[in-house]
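In what follows, a single structure is set out as structure tokens and then discussed.
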Number of protein chains: 2
Amino acid sequence: MGELATLFGPKRVAVVGATDREGSVGRAITANLLADFEGDVVAVNPTKDEVLGLESHDGVGAVPDVDVAVVVVPPPIVLDAIREAAEAGIRDVVVITAGFGESGSEGARRERELRELAAEYDLNVVGPNSLGIMNTGVGLNATFGPENARKGSISFMSQSGAFVTAVVDWANDRNLGFHNVVSLGNKAVLDESDFVREWGEDPETDVILGYLEDVVDGRAFVDSAREVSRDTPIVVVKSGRTEAGASAAASHTGAIAGSEEAYEAALDQAGVLRVDTVQDLFDFGSILAGQPLPERDGVAIVTNAGGPGVMTTDAVGDSDLSLASFTDDTVERFQDALPDEANVYNPVDIIGDAPVERFAEALDIALADPNVGAAVVLACPTATLSYEALADAVVDLQAEYDTPVAATLMGGSSARDANERLSQAGIPTYFDPARAVRSLDALREYRAISEREYTEPETFDVDREAAREILESAARRDTNRLGVEAMSLLDAYGIPTPDGEIVDARSDAVEAAERIVGGDGEDGGGGDDGRGGDSEVVMKIVSPDILHKSDIGGVAVGVPPEEVGDTYEDLVTRARNYQPDATILGVQVQEMVDLDSGVETIAGMNRDPQFGPLVLFGLGGIFVEVLEDTTLRLAPVSEQSAREMIDEIDAAPLLRGARGRDPVDEASVVETLQRLSQLVTDFPAIVELDINPLVATPDGAQAVDVRLTIDQEQL
Amino acid sequence: MGELATLFGPKRVAVVGATDREGSVGRAITANLLADFEGDVVAVNPTKDEVLGLESHDGVGAVPDVDVAVVVVPPPIVLDAIREAAEAGIRDVVVITAGFGESGSEGARRERELRELAAEYDLNVVGPNSLGIMNTGVGLNATFGPENARKGSISFMSQSGAFVTAVVDWANDRNLGFHNVVSLGNKAVLDESDFVREWGEDPETDVILGYLEDVVDGRAFVDSAREVSRDTPIVVVKSGRTEAGASAAASHTGAIAGSEEAYEAALDQAGVLRVDTVQDLFDFGSILAGQPLPERDGVAIVTNAGGPGVMTTDAVGDSDLSLASFTDDTVERFQDALPDEANVYNPVDIIGDAPVERFAEALDIALADPNVGAAVVLACPTATLSYEALADAVVDLQAEYDTPVAATLMGGSSARDANERLSQAGIPTYFDPARAVRSLDALREYRAISEREYTEPETFDVDREAAREILESAARRDTNRLGVEAMSLLDAYGIPTPDGEIVDARSDAVEAAERIVGGDGEDGGGGDDGRGGDSEVVMKIVSPDILHKSDIGGVAVGVPPEEVGDTYEDLVTRARNYQPDATILGVQVQEMVDLDSGVETIAGMNRDPQFGPLVLFGLGGIFVEVLEDTTLRLAPVSEQSAREMIDEIDAAPLLRGARGRDPVDEASVVETLQRLSQLVTDFPAIVELDINPLVATPDGAQAVDVRLTIDQEQL
């Protein structure tokens, strides 16, 4: 157990604000504690002599050896009560009282003071504005909810107290038990990261479930969840996913509206199974708590009903599981055991007249197959089949093989007792077989998370000082947007760029073009298609004030040697006409990059307020905005992560030689992403950066254009 | 009522093969009929005197005025029994007996004979291999399932009898009733189209639900469903969606494996709400049966719990519904009615201490708002709220406003009675608010279907004879694959193509190039980017034996005038080297098309065995295969459908002027799709056709290359 061992496993709990007034929160908590708690309950209320049969004390300091103080006094005296508790040596406090950060400026001030008090005394504080906490292991129900949870191995935290009440009520009806339950309240001190860490060390917790509207400290959460999720699955609904939802969350708990894309990437990298619905949260939580992980992806479906068998097969097709392919031996065993009309291939159809013995034998054969990692038992009610007997057989066989099983015994009242037996044994049951398959797929997904190997991001040898100088010189020019003039920033970090230079005179442009074309002619653009040519260059206006260069005719592609001088003049004239007061730094003369043999991609970064720099990779060019085929990672990005980013975009086959093209140099793209990650991690001043296009060719990746925004304060 | 009025509403039903043998199908059906049927039940079994208290007759012909014969005799005597019934004037037959098409060649022969018999006597035959039929309106349960359905307004057909049994069992537990239920069996005579048509005319059926593994006659189904779905929602699980599922369906019912893409397009065009899971099938069916259609898309959420309110808002964000924006008047009314801490904007949070009166008042105010088309009532259990009283209030308000409402009263046993009251009043209830929103979204989707206006496809003035001649001349060459030599086929149907001709001599190539470039130079390719030029042409080898011209260097782009002759020789030489025995029809010399200002799209067709020609549109070029950004329609395609096809592709914004580009001439693309549809409808011999690329530019669309496959038998 971790730092919160005493909070969840106290020997003596004091209710500060205990009362027997009907309908009051103080009464509800005192009564809930008295109901099942194995330890002592102490009532504190100076206006009472006795509360629900307990002697009432004037102050929490008056009673020795109190481990946890549950505070339900009115808001103005909460801080005094906590200070008294802290002085008495109590380190664990649950603040039920509302009227803090969620309600106006006075509440916000009170919450700040609570945070300071906690820091001063090193307190573990749950809340304020919390429904309370539960630990079914010691019968602790320090909440004011109407029901105590059943015992189980799921620990659950929720940023909504009402949701805790609803879930406990619902779960009690479904044999779903909890180990710890926490209503997070305003998360003034303890937040989701603390409970993830705590439950990760708790042998009684098999699964962590959470309902969150925000994450207080993005990096802390990712770090602790990544560590914990290796051994303990974490399933989370992070609400406020949609624009409307985010605004509802802000109005509900004042949740910080960190970008959804950042949450998506962060939760994924943290090994959290993110779900969108209450149904998935508890479906996944139940199966993770009740069933072992599958050793392989093949699923066997054993059924007495062909039609539902087809639907279940479709559900497997929709998932990342696969329909197990049986060994010849298994098929023979099915042939021996089943009637002629049966289907001895997967999905195994044992035919509608099957009694329980045939069902059990078929499931036994399926589970024994070395290609089967999990099974769905799927039945329709018939005159020959006893659902209860089937449930017993399934429970026995699941235990024998220790292979995950999900059950769909279709029907209403006729299935109720059987479903009860199955769920008591930890085998989840659903009317809809698609849910059974989804749940098994969650087991597979968590197995993959638990097997992830995290590699440390590489640190490349770069010219950090040169990069700093470029950023600082921009700052000296009082510029916070940089364009092609920042190509040298990429050079400093070893990101390949085409040969090019920025010139501010016609004659220099001609000279630059001659040098570029002469020196490196063989690698230039063009080909046998009659377009472009080895002697041509690209020219772009360079101005921090002109963001969309091509829109004003500020870019010329395929300029032949004899036109370089005139083009220089043209570009400058156009820029001046477009924006007379624009600062024009010059014209960039750049080697032509062969777009025809390459794929335009984008590599970029933006900085999230909660999670820091996020590195982006995707299909570039005009497709970025329209098709949004991009993926994100929190920096720093390891080589493995960079490779995964390429895997994740829909256009990945284009990079890998679709349609008879030569595959691009993927290693060069991977290294570019890593170096970009290092650059933006090294310089918090870089707020946003886009390399678009990053042209990926069989000979390597090249950053053809760049745009970035800097925050001068950070330099 | 339609042609099947007597089948579902008989006055006298005979069970041919009635028996009282325990555990037999004949006994189960006789007993089920005797239980509730309002009409007469007649037993037919020459080996018995009496069956379950009924006099047993020797033959069905011996009893007058039988309307429906339910046949359960052994397979070899089924046909004789049906002939006897037909001779006696019976037109409606339900064949329970199995051992037909689903079991070997003898069964297949028997099924063919059954079909012939039905045609001879004009019989309506359900099955064979059916569980039977139900009509709760007259207490008719002519199935051998263990339970009769409750009364309701849903009519349900299923290609799996076991699924019928499971669904009835489950639905009886949940206040879900049915009007008609049909187990389709082998669909030898009556199939899904017949029942769709019948139920479309049945005033007692509000919703049609189906579980289908295939559709017997694709066109008939689309036609009848399109007609019926204007007034009666049709919700279908069509299984075998995935590769694994399709193979499971083939093994289960011998379902024909029509392409999933064709089913997807066909069901959509037929106005069928296609769902993937059992849960959605009955969630959508229940709400469509119980609630009115929303008049607008705005949803109001009224809740006593902020957290679940946020989750529900996310679900609205995921749907095609929107969060209703309240009028100022509504906000004021909320401000007057609710405590200060309440959220008076949507989602309306009436705060955890709300009694039922506050809940009812808030719902009343929300439903009165002119922007609200539907409402979610969302509650967590509290000490102050009676769920039963809330349910009563919701039922009353829903009825008063006649606005659709879905409810999520979270909790287990505490919500049971309230949920019962709500569902009895037709208001669906769910633990997961996301399901409530999904169901309301299904109402919205059906409203959109019911409002669809189908326009007739236009018929263009084309040169059908010229097209026929081109196809026939290919057939005479014994060729079934055509390439650019078929560009004239497109010309004949008025589909724009670049200027070009096919030549078979070097000198003709030079002449052709001069004509093309000289005559139409201003519209040619190239521009100020230094690539290409007005004087260049494209040259392609023309050979029915070379499918991938560019892979063998058989395409030259941007050929300048002085190189046309040499290029001609090169192309021919390359083709000969690649495939010495290839038939080479010549070389196509074609005007350059300006790809830079255009978007490469694809327009194509393939012919589905069940649904006929399907027209495809999508993003073209190398993106077709990789990004699969395409959409399909059954031909003929109307102007409106063609426009929708453009809307549906992800890359649509590229055609509409994303990133400062000029929008392409969309009308030209639309017309090309319609003309293509007309071409492939006119000529069943065209099995497959791809125009790739169809280059869409601001000045119109042009078919730059074409490839097609013909079936000579069809000419």
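Worth a mention:
- Residues of the range B:317-343 satisfying the condition of being free of Cβ contacts under 8 Å to residues at least 60 places away in the same chain, within 10 Å of chain A (Cβ to nearest Cβ) and open to solvent by less than 50 Å² (accessible area, probe 1.4 Å): B:317, B:323, B:343
- Which numbered condition residue B:149 misses (of (1) within 14 Å of chain A (Cβ to nearest Cβ); (2) of a type outside the set (Phe, Trp, Tyr); (3) part of a helix (DSSP H, G or I)): (3)
- When residue B:23 is tested against (1) within 21 Å of residue B:124 (Cα to Cα); (2) of a type outside the set (A, V, I, L, M, F, W, C); (3) open to solvent by 60 Å² or more (accessible area, probe 1.4 Å); (4) at pLDDT below 95, just one condition goes unmet, and that condition is (1).
- Each residue in the range A:416-430 was checked for being open to solvent by 20 Å² or more (accessible area, probe 1.4 Å), within 25 Å of residue B:237 (Cα to Cα) and within 11 Å of chain B (Cβ to nearest Cβ), and 0 pass.
- Looking across the range A:368-386, just one residue is surrounded by fewer than 22 Cβ atoms within 10 Å (Cβ to Cβ) and not in a loop (DSSP other than H, G, I, E, B), and that is A:368.
- Selection from the range A:1-58 of residues that are away from chain B (no Cβ under 14 Å) and of a type in the set (Asp, Glu): A:3, A:20, A:36, A:38, A:40, A:49, A:50, A:55, A:58
- Test for residue B:192: is it among the charged types (D, E, K, R), closer than 24 Å to residue A:308 by Cβ and modelled with pLDDT of 95 or more: yes
- Some residue of the range B:109-117 being under 25 Å from residue B:11 (Cβ atoms), within 38 Å of the chain's Cα centre (by Cα), at pLDDT 95 or above and surrounded by fewer than 23 Cβ atoms within 10 Å (Cβ to Cβ): yes
- Subset of the range B:438-496 (residues that are of a type in the set (Val, Ile, Thr) and under 21 Å from residue B:588 (Cβ atoms)): B:470, B:479, B:484, B:495
- For residue B:293, the conditions (1) away from chain A (no Cβ under 14 Å); (2) outside any helix (DSSP H, G or I); (3) buried (at least 20 other Cβ atoms within 10 Å of the Cβ) all hold with the exception of (3).
- Residue ID - farthest from residue B:138 (Cα to Cα), chosen from residues in the range B:59-94 that are open to solvent by 70 Å² or more (accessible area, probe 1.4 Å) and charged (D, E, K, R): B:80
- Screening residue A:614 with (1) within 25 Å of residue A:537 (Cβ to Cβ); (2) out of contact with any Ser or Thr (no Cβ under 6 Å at 6 or more places or on another chain); (3) open to solvent by less than 20 Å² (accessible area, probe 1.4 Å) gives one miss only, at (1).
- Positions within the range A:431-461 being free of Cβ contacts under 8 Å to residues at least 24 places away in the same chain, within 14 Å of another protein chain (Cβ to nearest Cβ) and under 16 Å from residue A:297 (Cβ atoms), in sequence order: none
- Meets criteria (within 25 Å of the chain's Cα centre (by Cα) and buried (at least 22 other Cβ atoms within 10 Å of the Cβ)) for residue B:571: no
- Here residue A:453 meets each of (1) modelled with pLDDT of 95 or more; (2) under 35 Å from the mean Cα position of the chain (by Cα); (3) open to solvent by 40 Å² or more (accessible area, probe 1.4 Å) with one exception, condition (1).
- Yes/no for residue B:651 being under 14 Å from residue A:626 (Cα atoms) and open to solvent by 10 Å² or more (accessible area, probe 1.4 Å): no
- Meets criteria (more than 14 Å from chain B (Cβ to nearest Cβ) and closer than 30 Å to residue A:417 by Cβ) for residue A:203: no
- If you check A:143, A:136, A:165 for being of a type in the set (Ser, Thr, Tyr) and within 11 Å of chain B (Cβ to nearest Cβ), only one passes: A:165.
- For the range A:534-563, a residue qualifies if it is facing chain B (nearest Cβ under 8 Å) and of a type in the set (Val, Ile, Thr), and the qualifying residues are A:557, A:559.
- Remark: residue B:439 falls outside the filter, which requires a residue to be touching a strand residue (DSSP E or B) at 6+ places or on another chain (Cβ under 7 Å) and surrounded by fewer than 24 Cβ atoms within 10 Å (Cβ to Cβ).
- Residue within the range A:395-415 that is under 28 Å from residue B:24 (Cβ atoms), in a helix (DSSP H, G or I) and free of Cβ contacts under 8 Å to residues at least 12 places away in the same chain present: yes
- Hey, residue A:40 open to solvent by 40 Å² or more (accessible area, probe 1.4 Å), in contact (Cβ under 8 Å) with a residue 24 or more places away in the chain and more than 17 Å from residue A:128 (Cα to Cα) or not: yes
- Applying the set (1) closer than 15 Å to residue A:455 by Cβ; (2) open to solvent by less than 40 Å² (accessible area, probe 1.4 Å) to residue A:631 leaves exactly one unmet item: (1).
- Within the range A:617-628, residues that are at pLDDT below 85 sit with their Cβ atoms under 8 Å from residues that are assigned to a helix (DSSP H, G or I) and open to solvent by 30 Å² or more (accessible area, probe 1.4 Å), at 6+ positions apart or across chains, in these pairs: A:622/B:659; A:625/B:653; A:625/B:659; A:626/B:653; A:626/B:659; A:627/B:627.
- Neighbours by Cβ (under 6 Å, 6+ apart or cross-chain): first from the range B:647-661, touching a residue at least 40 places away in the same chain (Cβ under 8 Å) and at the interface with chain A (Cβ under 7 Å from one of its Cβ atoms); second of a type in the set (D, E, K, R) and surrounded by 18 or more Cβ atoms within 10 Å (Cβ to Cβ): B:651/B:629
- Within the range A:545-604, being touching a residue at least 60 places away in the same chain (Cβ under 8 Å), of a type outside the set (Lys, Arg) and assigned to a helix (DSSP H, G or I) holds for A:568, A:569, A:595, A:596, A:597.
- Only listed residue being within 14 Å of residue B:303 (Cβ to Cβ), more than 14 Å from every other protein chain (Cβ to nearest Cβ) and more than 33 Å from the chain's Cα centre (by Cα), chosen from B:366, B:375: B:366
- Considering residues of the range A:300-316 that are polar (S, T, N, Q) and under 30 Å from the mean Cα position of the chain (by Cα) only, the residue surrounded by the fewest Cβ atoms within 10 Å (Cβ to Cβ): A:312
- Taken together, B:73, B:93, B:41, B:78 contain a single residue that is touching a Ser or Thr at 6+ places or on another chain (Cβ under 8 Å) and either small (Gly, Ala, Ser) or assigned to a strand (DSSP E or B) (or both), which is B:41.
The values are calculated or read from the model by the stated rules, or taken from the named source; none is laboratory data. Source: prediction; values computed, not measured. Cβ atoms come from the backbone with ideal geometry, glycine included; neighbour counts cover every protein chain shown. Side chains included, ligands, DNA and RNA excluded: accessible areas come from the protein's heavy atoms. Shrake-Rupley method; radii C 1.70, N 1.55, O 1.52, S 1.80 Å.
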